[in-house]
Number of protein chains: 2
Amino acid sequence: MPNQDQAESGRTKATIVDVAVAAGTSTATVSRVLSGSNYPVSSETRKRIIEAVKKVGYTPNLLGKMLKTNTNASIGIIIPTFQNPFFVQIIQGISERATSRGYAPLAFSSQRNPILERNLIEQLLQKRIMGMMVASIDDSPKTIQHYILRGGKVCVFESNFEDFNSYILAKTDMLESGRIAMNYLLSMGHRNIAIITTPLRKQTRAQTLMGCRMALQAQNLDFSDEDIIIARYEKELEDGLFEFEIGKEMVRELLNRKKKYTAVLAVNDLIACGIVNGLKLHGIAVPNEISVIGLDDIPLASMITPALTTVHMPSYVLGQKACQMMIDALEKDEQTAGISLSIQPKLVIRDSVIKIS
Amino acid sequence: MPNQDQAESGRTKATIVDVAVAAGTSTATVSRVLSGSNYPVSSETRKRIIEAVKKVGYTPNLLGKMLKTNTNASIGIIIPTFQNPFFVQIIQGISERATSRGYAPLAFSSQRNPILERNLIEQLLQKRIMGMMVASIDDSPKTIQHYILRGGKVCVFESNFEDFNSYILAKTDMLESGRIAMNYLLSMGHRNIAIITTPLRKQTRAQTLMGCRMALQAQNLDFSDEDIIIARYEKELEDGLFEFEIGKEMVRELLNRKKKYTAVLAVNDLIACGIVNGLKLHGIAVPNEISVIGLDDIPLASMITPALTTVHMPSYVLGQKACQMMIDALEKDEQTAGISLSIQPKLVIRDSVIKIS
DNA sequence: ATGAAAGCGCTAACAC
DNA sequence: GTGTTAGCGCTTTCAT
């Protein structure tokens, strides 16, 4: 005998059977009404079912549905940390699109921990979530390959391994943004420019540098490896804002160089803000004594003084577009292979770069 | 005939049946091995099963398990935005604890949208996720009550409705922190203090003010309603950092007042940082001409110049502890009613408050 | 237009 | 120590 008295007690979960009984129909009909199928059901019956749902206090069990239909309308999102606004923006873009298309965006942080990242991916597989959008910090592509082998569709925003041809690539165009930033410094008369970066393991870093180089070469300028100041960081501060600290620390390094720089280009805004902060601490005026340009355009950039001149990465839009491609891949079983997505970065002029003679 | 050739193709999903066949055992035995039950299985058989798993390329289907056992070892987390570091910290704390206890933390942003918040809660219910930790922006407690009625356990970090007695309350002690902040300003010799706040609808705001009042009264000082400057905000900027903008705008308001203030207390750091920024724009030196104190201790606080003096809210620890209580509630079916959790805030002295004569 | 019934992949009695 | 089997709640043929 099916449960009664549930709407009130709420203890036992009502099932589709209870609804059927209360409505005096079969479970099949209930399912047809509730799952929004376009199967014909008399409006009479339909009404009775709607009422029965309320009467018995029914909440659909998605697990049953997923198991039966072998579909999980969710998209997994894995980023290194929620503390980095850049990733948060991407999530926002993804979520907006996913939600409006009927998918549930599930966001996870790997905490910059490869083991955790792998676990998360395995979890997705076990929950039969077959779409994943990831900014990976794993050195090995093995887990992602495994995910794909098991039938998952993947979109990659960032990776440390060499990209292969089985997923949607949605990286920001670091080459172009490096070029734009360097170009701007040159146009403002700077010739002695230091580049401050985290280690080059990440491809993105190498690309940014390449972009800088292109800008310089276009002006027939040379480019000394000495001008690249690389942070060696072992410690990853827990609070996720370690890149700000790195920037702050790199100022000492910068000032120790024999060469006198008029401008510095940082590979991301968090580092750039740290640099601005560190320079102030050393009593050096930005931009009057030294100009600073960043890359990313995170909210923080406009919140410090002087407001940071930087290159805007359209991460929100990138997330949106990438998500759309993911959904297409999921629904039409389209190939993700070889697809890559990129959006033009844009210079944002604020107050941290000054024109020199 | 069960699928063969799956490890290679990965097309059809292997099931427990396939494993059983490959291992020459029954599904029951397979389940006993894989689900980590302590049911006795000969190490011989066990080994064969482990091998079979690899051979057929088996990935457990959690949906089947959840449906069968009627358990979903996940904890839903709903916050207004990922852009606010305060919430992100809470998530971090929750995640750490949840993960180490075998629960999957599922974080969602309601985007400060009550409708979305309600949908998310309904989603949790439908996925049979019976634990939810939420910073609610809904004016009505109806959805949360519904969730509880359906058997869900709830922990609330923030709410706009009047708290009722059926969930774990884990709010930061705004009264105490208001008191601490005001106390500090008084101890630094300030007597003309403006309080800048967003509208008082939120209880937290009222509590902060109450704390300020307590500090003042303890010194037999009076407290004029004029000193409270309330932002009226309709527009919620998309980027989630609208509170910074509010702070910035409120500076005009502040300077228009006839009374000359030596210090301002902002109800959170984002606003405080906006105020510092706005003051600079007006050419007013912080802290020399006017001191500013915030509440929260978000990372940004130490990244602006002058670094913001504020009151640290132990949000990470709060998340941890609250999550532990949630797990207890879930596992031991303990009552959540009437439990409330609070952690002592702590003054963080940096550079934005100066001692005056 | 409606219903009966067969599973989706898993676990847990219950039997041996 | 191992196997058989009955469902968990749902969708979906296939009948009617």
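Here are the numbers for this structure:
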quantity	calculated
Eligible lysines near A:LYS355 by straight Cα distance, threshold 19 Å, same-chain separation 8 or greater	A:LYS260
Most mobile listed residue (A:GLY93, A:GLY247, A:GLY57) in chain A, GNM with C-alpha springs under 10 Å	A:GLY57
Antiparallel bridges, percent of DSSP beta bridges restricted to chain B (to nearest 5)	10 percent
The range B:174-312: Rg to Rh, with Rh as the Kirkwood radius over Cα pairs	0.93
Estimated D of chain A in µm² per second, where Rh is the Kirkwood radius over Cα pairs and Stokes-Einstein applies at 25 °C, 0.890 mPa s	106 µm²/s
Karplus-derived HN-Hα couplings along the range B:245-261 (A = 6.51, B = -1.76, C = 1.60, θ = phi - 60°), whole Hz, x at Gly and Pro	4, 4, x, 4, 5, 5, 4, 4, 3, 4, 6, 6, 4, 5, 5, 9, 9
Distances in nm from A:LEU255 to the matching label points in the other copies, shortest first (labels 7 Å along Cα to Cβ)	3.1
Amide proton proximity set for A:SER74, modelled H, under 5 Å, gap of 5+	A:ALA104, A:MET130
Distant-in-sequence amide H partners of B:ALA107 (H built 1.01 Å from N, under 5 Å)	A:ALA107, B:ILE77
Mean shadow area of the range A:275-357, taken as a quarter of the surface of its Cα convex hull (nm²)	7.4 nm²
Cβ-Cβ FRET estimate between B:SER340 and A:ASN113, R0 fixed at 41 Å, reported to 0.05	0.80
0 to 90° range, to nearest 10: angle between helix B:174-187 axis and chain B longest Cα axis	30 degrees
Pairwise centroid distance, computed over Cα atoms, of the range A:181-204 with the range A:258-312, Å	12 Å
Relative contact order of chain A, defined on C-alpha pairs under 8 angstrom at six or more residues apart (%)	17 percent
Label-point gap, in nm, between B:ARG232 and A:VAL41 - each point 7 angstrom along Cα→Cβ	4.9 nm
Average beta-carbon neighbours from other chains, 10 Å sphere, peptide A:143-154	2
Per-residue HN-Hα couplings for the range B:268-281 [Karplus 6.51, -1.76, 1.60; θ = phi - 60°; Hz; x = Gly/Pro]	7, 5, 4, 5, 4, 5, x, 5, 4, 4, x, 4, 4, 4
Within straight-line cross-link reach of B:LYS47, lysines at Cα separation under 24 Å, skipping those fewer than 8 residues along the same chain	B:LYS13, B:LYS55, B:LYS65
Pairwise centroid distance, computed over Cα atoms, of the range B:50-71 with the range A:21-78, Å	26 Å
For B:60-68, mean number of other protein chain Cβ atoms within 10 Å	6
Percent RCO, i.e. relative contact order, over the range B:153-297, from Cα pairs under 8 Å lying at least 6 residues apart	24 percent
Kirkwood-based Rg to Rh ratio, the protein assembly as shown, C-alpha trace	1.01
Sorted by Cβ neighbour density within 10 Å, fewest at the top, the residues B:LEU34, B:LEU265, A:LEU270, A:LEU169	B:LEU34, A:LEU169, A:LEU270, B:LEU265
Gaussian network model of chain A, springs between alpha carbon atoms under 10 Å - residue of A:VAL21, A:VAL264, A:VAL251 with greatest fluctuation	A:VAL21
GNM top mover of A:THR29, A:THR204, A:THR262 - chain A, alpha-carbon springs below 10 Å	A:THR29
Long-range HN-HN contacts of A:VAL134 with modeled amide H, under 5 Å	A:ILE78, A:CYS155, A:VAL156, A:PHE157
Backbone HN-Hα couplings from phi across the range B:210-219 [Karplus 6.51/-1.76/1.60, Hz, Gly and Pro as x]	4, x, 4, 4, 4, 4, 5, 5, 4, 9
Cβ-vector label at 7 Å, A:TYR39, separations to other copies in nm	3.4
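Readers should treat all values here as calculations from the given coordinates under stated rules, not as data from a laboratory. Keep in mind it's a predicted model, so treat the numbers as computed, not measured. All Cβ positions, glycine included, derive from the backbone under ideal geometry; neighbour counts span all protein chains shown.
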